[in-house]
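Written out below as structure tokens is the structure these notes cover.
The values are calculated or read from the model by the stated rules, or taken from the named source; none is laboratory data. Since we're looking at a predicted model, the values are computed, not measured. Cβ placement follows ideal geometry from the backbone for every residue including glycine, while neighbour counts extend to all protein chains displayed.
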Amino acid sequence: MKEKWNGFRRFVDGIHPVRLVALGYLSYILFGWILLSLPFSMAAPHVSALDTLFTSTSAVSTTGLVTASTGNDFSMLGQILILVLIQLGGLGYMTFGSFVVLSRSATLSDRRQNIGKTVFSMPQEFRVDKFIRSVIAFTLITEFLGSIALFWAFSCAGISNPFWTSIFHSVSAFCTAGFSLYDDSFESLRSNVSINIILATLSYLGAIGFIVFVDGWRCIIGKTTRLTLTSRIIITTTLWLSMAGVVLFFVAEPSIQYLPPHERIVASCFQVMTSITTVGFNTIPTGGLSPASLFLIIMLMVIGASPSGTGGGLKTTTFSALFGMIRSAIRGRERVTFWGKEIPEERLRLAIATIGFYAMALIFGCYLLALAENLPFEGLLFETASALGTVGLSTGITATLSPIGKLIIIMLMFIGRLGPLVFGIALFLPSQKNDKEIKEDLAI
């Protein structure tokens, strides 16, 4: 028995870290699928095995697209299981296991260190073991405080069962999962400013990424004198994209023109927030938006959140690297710099490869979905971008998809959780490469 166990450990140790991460997420999905398919997880007998697989994948990938009602079709145990899958998916594969190891020993093994670097894209000056401890602590504290704030807001709004509702939506918001116990998401609470602000705050905290908060804490306690280049780019890019998106949505979207000014502003801010953080909640019907607003949301969903956060998409740093390359080309410069700091060439190559893989996955996924479904192309493109970006917004076609269409969306959500480039690496298994020492780093 011991020899078999040692043989299994040698087999696992021989697996490429990127492929091991992919297999880890796949194991989460399959485990959740099995448990969600059992009678104790269901409140409605009509939920099919494909729908529970869809739900499990959506939860682990923190997407939020659903083909079965979370609040009505699943029992309390089923909802708890969905929340556990969301938490595991939001933290990332190996994070919880590594935290358990760290609670019993001072450091991680080299194997876990390598896997941690795969799961968390971070500047080289960050240590994986300390980073994971910080991630767990920050996550639990934020979700706890979010639950308290939402409990107060839901109680004031007269929401039934505010205790469980606040816990569920706090975790779902921070993990940018977009799962809601209400079939209309938060459309009925569009005018509730406090709930909108709390959900938006939790979503931004999850999407900005753990790098920024670990980095900020290091500055506060005096370990460093300034934020890293990665953190400054993340904050600046997120801020500018959010402000530009709100202005464009506020001015151009016809469906909110009839709202009172304060509701119009809140609705615009929330819709842009839910797109760029990839949380997937909504306070206005997505299917009723104009083509221009849908295209704006698609662009924000494609850019997405930030590295080492809970959101999906290309990531703000990848978008910033592309912007920097375009700017340098226009100015006739060979180097790409931000605030006087040069971006390493290998990081720029990684950004280009990421954009290329993402574009191929988006185009190919949309093509397959168009082959499988006889639906308007606009809705299919939106659904594809939402699934690949792990956003969860939909124009209302998710539940009407055919079994083949649902399988395509499941694959896109899985690819989106891994990242198209990581998914490609997991398939082709390139040899490891050693990054050169660099003075300033940018996490892609």
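Name the residue, out of G304, G288, that is crowded, with 24+ Cβ neighbours inside 10 Å and modelled with pLDDT under 95.
G304
Taking D215 and the conditions (1) surrounded by 19 or more Cβ atoms within 10 Å (Cβ to Cβ); (2) charged (D, E, K, R); (3) farther than 23 Å from R133 by Cα, which numbered condition does it fall short on, given that it satisfies the others?
(3)
Restricting to region 209-251, name every residue that is free of Cβ contacts under 8 Å to residues at least 24 places away in the same chain and aromatic (F, W, Y).
W240, F250
Any residue in region 252-264 that is under 20 Å from I297 (Cα atoms) sitting within a Cβ distance under 6 Å of a residue that is assigned to a helix (DSSP H, G or I) and of a type in the set (S, T, Y)? List the pairs, counting only those 6 or more apart or interchain.
Here the result reads E253/S293, each pair linking region 252-264 to a residue that is assigned to a helix (DSSP H, G or I) and of a type in the set (S, T, Y).
From the list L199, L181, exactly one residue is touching a His at 6+ places or on another chain (Cβ under 8 Å) and not in a loop (DSSP other than H, G, I, E, B). Which is it?
L199
Note down all Cβ pairs under 8 Å where the first residue falls in region 24-48 and is in contact (Cβ under 8 Å) with a residue 24 or more places away in the chain and on the phi < 0 side of the Ramachandran plot, the second is part of a helix (DSSP H, G or I) and of a type in the set (F, W, Y), and they're at least six residues apart or on different chains.
Going by the 8 Å Cβ cut-off, the qualifying pairs are Y25/F414; L26/F414; I29/F414.
Of all the residues that make up region 42-67, how many are out of contact with any Phe, Trp or Tyr (no Cβ under 7 Å at 6 or more places or on another chain) and farther than 19 Å from C175 by Cα?
8
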